[in-house]
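*Asks:* What follows is a structure written as structure tokens; I'll ask about it next.
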Amino acid sequence: TEKGARTTEPGAKAPRRRPFGFTLRRLRGWRLPAKVVQAIFSFVAVLCEEIVDDCSTCGGLYFFEFISCSAFLLSLLILCVYCTDLYESLGEEKVQKL
């Protein structure tokens with residue numbers, strides 16, 4: 001076909017996008033509240049760790065800090081991927097591997 005040639009097919013409308021690509025269709029039922037509670041609990045764990053001013057053996061505290069901060073960041077990442085258009089952008093196979 002020539003460049004700029006017209007076709008007889010009607011132009012397909014682009015799907016309507018939500019603001020910021022936010023959607024809840026992939027986290028239905030109990031999954032969304034469970035992920036939100038997980039994020040809240042991991043954030044509370046980070047806050048509790050930060051309250052400690054003095055410790056005699058801090059190895060366990062540093063490990064707890066690492067685990068609670070990692071859990072918080074990963075739960076936010078999961079919420080962002082499943083509740084935005086990033087899921088479609090990455091593709092289901094890549095999200096499952098992630």
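*Asks:* Residues that are at pLDDT below 90 and surrounded by 11 or more Cβ atoms within 10 Å (Cβ to Cβ), at least 3 per element: which helices (runs of 4 or more DSSP H) completely within the range 18-98 meet that?
*Replies:* Correct list: 31-51, 59-82, 86-90.
*Asks:* Taking only the range 39-98 into account, find how many residues are within 17 Å of Arg25 (Cβ to Cβ), in contact with a helix residue (DSSP H, G or I) (Cβ under 7 Å, 6 or more places away or on another chain) and polar (S, T, N, Q).
*Replies:* Qualifying residue count for the region: 1.
The values are calculated or read from the model by the stated rules, or taken from the named source; none is laboratory data. Please read these numbers as outputs of a predicted model, since none were measured by experiment. Neighbour counts run over all protein chains shown; Cβ positions are idealised from the backbone, glycine included.
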